[in-house]
Amino acid sequence: MEEVAEALEEARKLRRERADWEFIEKLPPKLKAALKYYIETGDVYVASRIAGMTVDEFNELRVKARVPSVT
């Protein structure tokens with residue numbers, strides 16, 4: 001259980017460090033909130049729903065924001 005928690009925290013740390021925060025902060029509130037949710041949780045499905053996008057559309061936004069997909 002502890003190993004899983006450590007892996008999740010490491011993934012969160014990588015997403016935070018590599019994200020283009022300047023780009024993210026300039027986005028409309030809905031998209032900004034969705035990307036921040038994804039960075040913290042890694043849940044692309046819920047993040048895409050927050051953004052009002054399909055998962056594929058959200059993934060395109062995630063790439064533009066330079067947020068890595070860490071599993």
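Some points to look at:
- Distance (nanometres) between label positions extended 7 Å along Cα→Cβ at Glu22 and Glu10: 3.0 nm
- Compactness check for the chain: Cα Rg over 2.2 N^0.38 Å is 1.06.
- Length gained when the stretch Val70-Lys30 is fully extended (0.36 nm per residue, less Cα-Cα span): 12.2 nm
- In this rough spin-label picture, where each label sits 7 Å from Cα along the Cβ direction, the Glu57-Glu3 distance is 4.0 nm.
Read-outs: derived from the displayed coordinates by stated rules, not from any lab. None of these values were measured; they are calculated from a predicted model. With ideal geometry, Cβ positions are generated from the backbone for all residues, glycine too; neighbour counts draw on all protein chains shown.
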